[in-house]
1. Could you tell me what percent of the DSSP beta bridges with both partners in the stretch 1-72 are antiparallel, to the nearest 5?
2. Would the chain count as rounded, prolate or oblate if I go by the C-alpha gyration tensor, calling it rounded below 1.5 in a/c and otherwise prolate when a/b exceeds b/c, oblate otherwise?
3. Rank ILE20, LEU67, LEU36 by how far each Cα sits towards the positive end of the charge dipole of the stretch 2-68 (+1 on Lys, Arg Cβ; -1 on Asp, Glu Cβ) and give me just the farthest.
4. Ordered by residue, what ³J(HN,Hα) values in Hz, to whole numbers, does the stretch 11-18 give under the Karplus form 6.51 cos²θ - 1.76 cosθ + 1.60, where θ = phi - 60° and Gly and Pro are x?
5. Loop-only chymotrypsin sites (Phe, Trp or Tyr not before Pro) in the chain, please: DSSP not H, G, I, E or B, and at most 12 other Cβ atoms within 10 Å.
6. Would you mind working out the magnitude of the charge dipole of the chain relative to its Cα centre, with +1 at each Lys and Arg C-beta and -1 at each Asp and Glu C-beta, to the nearest 20 Debye?
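Quick note: the coordinates plus some simple rules give every number you see, no bench work behind them. All values derive from a computational prediction rather than experimental measurement. FYI the Cβ positions are ideal-geometry reconstructions off the backbone, even for glycines, and counts take in every protein chain you see.
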Amino acid sequence: MQYEYDSEVDGLYIWFVNNIEEEKGNYDHELWPMELKEEIGLLFGKDGGLMGLEIMPASKYFDQSRLDSFDKT
């Protein structure tokens, strides 16, 4: 599992893959279920498997100092 945080959009990406850069080419689509308050998106690969989660606004759920340690910008 790997983490990326984008402070510009306050989005945390939790990837269930070993190498984000290699696997991003397999990304296909995402869903933002109403049941998850449309704040947690499910990221799916071309094979239909769950690749990860996107959480926006991440600072609502996680400590900002922890998010900053994942910041990719």
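1. 95
2. On the way: a/c = 2.36, a/b = 1.25, b/c = 1.88.
The shape class here is oblate.
3. Selected residue: LEU36.
4. Calculated HN-Hα couplings, in order: x, 9, 10, 10, 9, 9, 10, 6 Hz.
5. Qualifying residues, ordered by number: TYR61.
6. About 140 debye.
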